[in-house]
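A short worksheet on the structure shown next.
Nothing in this text is a laboratory measurement; each read-out follows from the coordinates by a stated rule. None of these values were measured; they are calculated from a predicted model. Here the Cβ positions follow ideal geometry from the backbone for every residue, glycine too, while neighbour counts run over all protein chains shown.
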Amino acid sequence: MTLIISHLQSVEDSVEVVERKGVGHPDTICDALAEMLSRALCREYRNRFGAILHHNVDKALLCGGRAAPAFGGGAVLAPIHIYLAGRAVSKVGSDLLPIADIAVENSRAWLRANMHALDAERHVRVHQRIQPGSLDLQTLFSSRAGDIPLANDTSIGVGHAPLSPLERLVLAIEKRMNARDRATRNPAWGEDVKIMAIRRYEAVDLTVACAMIGRYLSHMDDYLAEKAGRRRAGAELGC
C-alpha cells in the first residue's frame, strides 16, 4: 500500500463540532483499565524475566449496573461489571504469573484513585478473560532483525496540532470539572462528564452532561445550586 501525504489548504470552517468524554465515562474507563493492565504486565515481565513478553490486552467491556438515585442518599442495586480480555504470556517454564490478580487489583487501584464516590470493592466486579497467545506470535514477538523488533500486526495513528480555540475550551472545561480537588470542592459532581460544543461561525453552543451524586444533595435547591456552579466554572473559562 502506498500512502501519499499532502498539505491541505488553510480554510476557516463555518461549522465545528468538538466532543470530550471525562474520566468517569465508560469509554474512558475501559481505555484506562486496558492501558493500566498493559503497563502492569510490562513491569511484571521485566521484573521477573528482564524483558517485556508478548501480550495484547486492549479489549475491555463495561456493563452498567443499576442504582436508585435519591436526594440525600440513594443505593446501588446491582454492581458494574467490567471485563478485561486479550492475550498474554502467563507462564515461563515453571514460573506462573498471577494474571488475574494483576488485572483485578490494578483496575481497583485506578478506580479508587479516580472515582471519589465509587466503592471499587462493593460497586464493581472486575473479570479477566485473558488467555495465552499462540506460540508463533510469542516466538515472533521475542525475535529481532538485528536490533529491530519484529511486529505481527499493522496500525496507523492520526493526530493534528495545534488545537483549535474551541478544542482548547472544551478540554479546559473537562479538566476544570474533573480537577483533583473536586472531592473536596465539588463532591456532588460525578466524574461521568461529557461535553459537546458546536460552533457556527462565531456562535458557540455548549452542552455539558455531568452525573450528580445524590448523597451530597439534600434537595432540589442543592441540585440547582450545583448546576449554577457549573455555569460559573464555565464562565471563568470564557464560556
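For the chain, modelled as a GNM with alpha-carbon contacts under 10 angstrom, which of PRO187, PRO132, PRO26 fluctuates the most?
In the Gaussian network model the winner is PRO132.
Out of the DSSP beta bridges found with both residues in the chain, what percent are antiparallel (nearest 5)?
About 80 percent, rounded to the nearest 5.
Which residues does a label at ASP222 reach in region 42-86, if reach means a backbone N under 20 Å from a point 7 Å past the Cα toward the Cβ?
67-77
Quick check on region 26-149: take the gyration tensor over C-alpha atoms, sort the square-rooted eigenvalues as a ≥ b ≥ c, and tell me if it's rounded (a/c under 1.5), prolate or oblate.
Here region 26-149 falls in the prolate category.
Quick check: pseudo-label points 7 Å beyond the Cα along Cα→Cβ at ARG200 and GLN131, how many nm apart are they?
If labels sit at ARG200 and GLN131, their model points lie 5.2 nm apart.
Please return the longest range in the chain lying between exposed loop sites, taking GluC sites (Glu not before Pro), DSSP loop only, at most 12 other beta-carbon atoms within 10 Å, and leaving the sites out.
Numbers: sites that count: GLU12, GLU121, GLU202.
Between exposed loop sites, the widest span is 13-120.
Per DSSP H run of at least 4 residues, take -39500 (n - 2.57); add these up for the chain, divide by its residues and hand me the 222 nm value, nearest 500 deg cm²/dmol.
-11000 deg cm²/dmol
Roughly how many whole Å is it from the C-alpha centroid of region 170-211 to that of region 30-106?
Cα centroid to Cα centroid, the span is 28 Å.
At 7 Å along Cα-to-Cβ for each site, give me the label-to-label distance between ARG232 and LEU163 in nm.
Calculated label separation equals 2.4 nm.
For the pair GLU19/LEU77, report the inter-label distance in nm, with labels modelled 7 Å from Cα in the Cβ direction.
2.8 nm
Between 0 and 90 degrees, rounded to the nearest ten: what's the tilt of helix 165-177 against the longest Cα principal axis of the chain?
Long axis of 165-177 versus the principal axis of the chain: about 90 degrees.
So what does log10 I(q)/I(0) come out to for the chain at q = 0.07 Å⁻¹, using the Debye formula with one equal point on every Cα and no solvent?
Each listed q corresponds, in turn, to -0.35.
Along each of its three principal axes, how wide is the spread of alpha-carbon positions in region 149-216, in whole angstrom units, largest first?
Dimensions of region 149-216 along the principal axes of its Cα atoms: 53, 38, 17 Å.
For ASP147 and GLU35, what is the calculated FRET efficiency with R₀ set at 30 Å and r taken between the beta-carbons, to the nearest 0.05?
After rounding, the FRET efficiency stands at 0.65.
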